[in-house]
Amino acid sequence: MTSRAEKKQTLTRLAARRLKQISSGELSTEVREKVSLCLLDFLGACQAGLGGELGVPLLKYAELHAGKPEAFVFGSDKAMSAETAAFIHAALSNSTVRDDMHLDSCAHIGSMVIASSLALAQRDGWTGEQLIRAIVGGYEMGAVLGYSIRGGGQFNTHFRSTALIGSFAAAGALSTGKIPDDEDTIMRILCFAINMVCGINAWAHTGGREIYIHNGSASVAAITSYDLGRTGIFVSDVVLEGKDGYFEALGVDSNASNRFKSWIESSPLGRGILETHFKPASCCNFTQASTAIALKMHKDLDPKISNVDDIAKIHVTTTPGALAYPGCDNAGPLVSESSGKLSIQFGICAALVFGRFDDDTSRRIDNPIVNSLMRKMSVTTDPEFEKSYNKGLQPAKIEIFFKDGTVVVEAVPDVPWLDGPAVTERFLQEISRWLPLERAQKLVSRCQHLETVTDAGRELLVF
């Protein structure tokens, strides 16, 4: 018979204790500043997503599933249920391909953590301080679970890790924002969230848009889990490490539980959000470094590369992770904008031709000049790049061979992630479609001083 003391050591209970620490512990200035940047980036991404291919259908879905008026939705003047608002905002923000965690974790956690947290902040009247702690708690749960399932190098890539982690991360956020008094309730919320995970990677081969819906579904699942967990329904607290549990179902290595425990026991509060980076381009995490090099080459070598007929071949060296990820090593023909955002070859060639890579250029998968360059490209990796990748870096190198015998080589040791001022600048540009500059700057100030805000949901989203 398992004793009560032994039960207290299950992973979901360890996670519950971590969330209680975050709900009341001291958060550093650095952590708080990172929260404001993540929030700004999320809001800008939601607005940018409205202009993408999913904007209209998602708003149509929202109108059909408005439900009880509890929360604001970008692009609609009708209040929606918290679940619908979280779904729409998570899907919209994910469609612009933004934040990224450590390589052993997953990307786009912010879209689910912040979408569900803002929805609950509006529904339940959270303060800005509650929202801060919710976001920190959500990123923390996303990081520890992502590291646990991917850190051993043995992971079932048929599943999308973001979708497998998202509901757990977002449920952790909601639990932290309004922390239940007892550990059992938090544990139940997290267990329900694990039971709602999924996300199949078939989209990467066909250009399917369900990749964005994964994030919306995870956000809704988090709210459902949060409300269910508080009802007292009995759940298995060994859903992660137990027999036929989450780790076994995914086929990860036997050390996943130890990684989970070690991460929680050794990490300072806020590690998850501090390890989050902001992508410079609207493309896959694994294509960021090579696309960044191509953008620099366009700027430095124009007009030499303006005539693509002068280019004999292009060779790219990237990480083994990039080559292995579904859809990244794809020389075409491409079938959708999603394929363009994933393809190493397309990202480089589009950047060389257009001098930018954004939602507009990612749609130009049929551009004949870009396609002609893609056919001249080879992509490989090497042992040194693998060593860097294992350290959490993403190096890349591009060699362009011209017909006149000239060879131009550029390389980076890692993705040139955006810093705080660049994130804020991008936010102001994107949010300008919704707010004039004066109001946008006021919103920046509110995000930067969130601890002083009394009604976070309303003051951030209602103008």
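Observations, loosely collected:
- Pairs are defined by a Cβ separation below 9 Å, a sequence spacing of at least 6 or placement on different chains, a first member in segment 264-292 that is at positive phi, and a second member that is open to solvent by 10 Å² or more (accessible area, probe 1.4 Å) and basic (Lys, Arg); the pairs so defined are GLY270/ARG32; GLY270/LYS34.
This table checks each residue for (1) charged (D, E, K, R); (2) assigned to a helix (DSSP H, G or I); (3) at pLDDT 90 or above; (4) crowded, with 17+ Cβ neighbours inside 10 Å.
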{"residue": "ASN258", "(1), (2), (3), (4)": "no, yes, yes, no"}
{"residue": "ILE273", "(1), (2), (3), (4)": "no, yes, yes, yes"}
{"residue": "LYS296", "(1), (2), (3), (4)": "yes, yes, yes, no"}
{"residue": "LYS299", "(1), (2), (3), (4)": "yes, yes, no, no"}
{"residue": "PRO303", "(1), (2), (3), (4)": "no, no, no, no"}
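- Within segment 112-153, the residues that satisfy the criterion of being within 23 Å of GLY321 (Cβ to Cβ), open to solvent by less than 10 Å² (accessible area, probe 1.4 Å) and either hydroxyl-bearing (Ser, Thr, Tyr) or touching a Pro at 6+ places or on another chain (Cβ under 8 Å) (or both) are TYR139, SER148.
- Only one of the listed residues (LEU27, LEU14) is surrounded by 14 or more Cβ atoms within 10 Å (Cβ to Cβ), modelled with pLDDT of 90 or more and not in a helix (DSSP H, G or I). That residue is LEU27.
- Residue in segment 185-194 that is out of contact with any Gly (no Cβ under 8 Å at 6 or more places or on another chain) and either assigned to a loop (DSSP other than H, G, I, E, B) or surrounded by fewer than 21 Cβ atoms within 10 Å (Cβ to Cβ) (or both) present: no
- Of everything in segment 399-418 that is open to solvent by 80 Å² or more (accessible area, probe 1.4 Å) and touching a residue at least 60 places away in the same chain (Cβ under 8 Å), the residue that is farthest from the chain's Cα centre (by Cα) is ASP404.
- In segment 370-390, the residues that are touching a residue at least 24 places away in the same chain (Cβ under 8 Å) and not hydroxyl-bearing (Ser, Thr, Tyr): VAL370, ASN371, LEU373, MET374, ARG375, LYS376, MET377, VAL379, ASP382, PHE385, GLU386
- Residue in segment 233-245 that is open to solvent by less than 60 Å² (accessible area, probe 1.4 Å) and not in a loop (DSSP other than H, G, I, E, B) present: no
- Selected residue (criterion: farthest from SER161 (Cα to Cα)) from residues of segment 312-357 that are of a type in the set (D, E, K, R) and either in a helix (DSSP H, G or I) or touching a Cys at 6+ places or on another chain (Cβ under 9 Å) (or both): GLU337
- Looking only at residues of segment 312-327 that are touching a Lys or Arg at 6+ places or on another chain (Cβ under 6 Å) and of a type outside the set (Lys, Arg), we find that the one that is surrounded by the most Cβ atoms within 10 Å (Cβ to Cβ) is ILE314.
- Residue within segment 356-369 that is open to solvent by less than 50 Å² (accessible area, probe 1.4 Å) and free of Cβ contacts under 8 Å to residues at least 24 places away in the same chain present: yes
Okay, residues lined up against (1) free of Cβ contacts under 8 Å to residues at least 40 places away in the same chain; (2) part of a helix (DSSP H, G or I); (3) closer than 30 Å to LYS391 by Cβ; (4) of a type in the set (A, V, I, L, M):
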position	(1), (2), (3), (4)
VAL113	no, yes, yes, yes
SER117	no, yes, no, no
LEU120	no, yes, no, yes
GLN130	no, yes, no, no
TYR139	no, yes, yes, no
GLY142	no, yes, yes, no
LEU145	no, yes, yes, yes
SER167	no, yes, yes, no
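The values are calculated or read from the model by the stated rules, or taken from the named source; none is laboratory data. Keep in mind it's a predicted model, so treat the numbers as computed, not measured. Counting neighbours? That spans all protein chains shown, and the Cβs are built from the backbone with ideal geometry, glycine included. For the accessible areas, the whole protein counts, side chains as well, though only heavy atoms, and no ligand, DNA or RNA atoms are used. Shrake-Rupley method; radii C 1.70, N 1.55, O 1.52, S 1.80 Å.
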